[in-house]
1. So which of TYR356, TYR321 is in a helix (DSSP H, G or I), under 25 Å from LYS199 (Cα atoms) and in contact with a strand residue (DSSP E or B) (Cβ under 8 Å, 6 or more places away or on another chain)?
2. Condition check: within 19 Å of the chain's Cα centre (by Cα) and exposed (fewer than 15 other Cβ atoms within 10 Å of the Cβ). Does PHE136 satisfy that?
3. Return only the number of the condition from (1) surrounded by fewer than 17 Cβ atoms within 10 Å (Cβ to Cβ); (2) at positive phi; (3) at pLDDT 70 or above that ASN202 does not satisfy.
4. When you go through TYR43, TYR56 one by one, which is the residue that is in a helix (DSSP H, G or I), buried (at least 21 other Cβ atoms within 10 Å of the Cβ) and not basic (Lys, Arg)?
5. Can you tell me which residue among THR337, THR314 is outside any helix (DSSP H, G or I), modelled with pLDDT under 80 and of a type in the set (S, T, N, Q)?
6. Among the residues of the stretch 327-339, are any surrounded by 17 or more Cβ atoms within 10 Å (Cβ to Cβ), of a type in the set (Val, Ile, Thr), in contact (Cβ under 8 Å) with a residue 12 or more places away in the chain and over 24 Å from HIS209 (Cα atoms)?
7. Give the number of residues within the stretch 254-280 that are modelled with pLDDT of 60 or more and either in contact with a Ser or Thr (Cβ under 7 Å, 6 or more places away or on another chain) or in a helix (DSSP H, G or I) (or both).
Amino acid sequence: MKPFSLLVFKEIKEIFFSKTTMLFLMILSFMTGYSFYSAVALYSKASMSAIDNPLYAAGFEPVSGIFVPTWGGVFVLFSLFLPFVIIPVIVLEKERNTLVMLLQIPFTMNEILLSKIIASVLLLLFIFLSMTPALFIWWVCGGHIPWGELVLLQAGYLLYGLCIIAVSMCSASLFKNTASASIFSILLITLSWIVDFGKDMNISPLIVHLSHWTTSHTLKFFEQGIFSLSAVLYFLILFVVFMSLSRSFLDVSVNVKWLFSSLLIILSTGILIISYFHFNADMTESHRNSFPTHITAALKKIPPLEIDVYLERTDSRFKDYEESFLNRLRLIKKDITLHIIQDASLLDQHYGLFVYTLNGKKATTYSNSEEEIFPLIFRLAGIRNYDPSAHDNFSGYPLVVTENQLAAISYTYYLVIPLILLSGVITRKIYTKRRFT
């Protein structure tokens, strides 16, 4: 076996058979089981009234109704617990001075770091493998699996997991002990949540602008079934930046000026790339992120649109407008200019008003419903040959599951998977004991 392969094998053994990893996988099994069980139970209960109601049934989609809530628990585990698994991979090497020994064998620092990345990514893939029983159980129950949208969701969490790995390794390279590195990495990760909270509270325009660049905001593209090229590039650039920092912190001979100059170039180039490759596509079967086909075709033909909104950002009506209409409109039209009026006197005078400007013509409405907005926009654009009542047909996938099927989820994630993990730990200990006796 080649020396580098031996190094990779060593890293895999250390990360897969550590007590922290086993504890993480146990928590993951319980968290996934609870999230999946709750999602299926709620989905099944709501489906009872939708089986014979086609209009209501159209709102039942497996990814948004089942798998996004299931992966929600994984998001919390990735953010708050995965760093505790990854950080010791580097910190323990520094504490035991084995990095120096590996460099004398000799391995290069790049080879050492690459072996740790490979082992961490394999652990990430193993975590994804532990999620497959949920897919199998859902399929056995008769549930529909929209593979395109589901693969997109998993790809988003894979990219997010890679970023967590990079942040954790960067923290481990910067600090000498696990506690300090863990606190720093969690601080960096939860900073995204703090910015999102600041946006919801409308603390400042800067926070609102920064909220468009947080990891949690970017991950929503994948959860909503939107393939965003800029979101993919965003996560990849973050991974490269933090891994570059990790490599630099491990090598004390790196010139600080060269380091920050290089990172500044990487970040600037990355932002330009993200801004240039602005491509979004709705991957959902129901096309819930876009409008009916005939309206989409008409919207693509109209000139640039300006929208003046006389609402506070924290107003529930604006949030509903943004989520149910504006985000879908932006997916189709890239040339929309949104103005949120800040002037207090104008807000008091026209609060709740929406002003649409097209070709110098203006139209106003207090409604945030697309049934009211589209006739207004198309009238400004001079488009009259469209049917506002026409919609794309989507039947939906309601499903009622039995108590036995729900019990299968509990047995799988609360009993079977934990027993498999425990048997792996016991087998490992027996093998190690026999080896040294």
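1. On the way: TYR356 fails: in a helix (DSSP H, G or I).
So the residue among TYR356, TYR321 that is in a helix (DSSP H, G or I), under 25 Å from LYS199 (Cα atoms) and in contact with a strand residue (DSSP E or B) (Cβ under 8 Å, 6 or more places away or on another chain) is TYR321.
2. In short, no.
3. (3)
4. Values: TYR56 fails: buried (at least 21 other Cβ atoms within 10 Å of the Cβ).
TYR43 is the lone residue from the list that is in a helix (DSSP H, G or I), buried (at least 21 other Cβ atoms within 10 Å of the Cβ) and not basic (Lys, Arg).
5. After ruling out the rest, the residue left standing is THR314.
6. Within the stretch 327-339, not a single residue is surrounded by 17 or more Cβ atoms within 10 Å (Cβ to Cβ), of a type in the set (Val, Ile, Thr), in contact (Cβ under 8 Å) with a residue 12 or more places away in the chain and over 24 Å from HIS209 (Cα atoms).
7. So the count comes out to 18.
Each row is one residue, and each column tells you yes or no for (1) under 33 Å from the mean Cα position of the chain (by Cα); (2) over 30 Å from ILE295 (Cβ atoms); (3) assigned to a loop (DSSP other than H, G, I, E, B); (4) at pLDDT 90 or above.
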| position | (1), (2), (3), (4) |
| --- | --- |
| ARG384 | no, no, yes, no |
| HIS391 | yes, no, yes, no |
| ILE417 | yes, yes, no, no |
| LEU421 | yes, yes, no, no |
| THR432 | no, yes, no, no |
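The values are calculated or read from the model by the stated rules, or taken from the named source; none is laboratory data. Since this is a predicted model, take the numbers as computed values, not measurements. Note: ideal-geometry Cβ built from the backbone for every residue, glycine included; neighbour counts use all protein chains shown.
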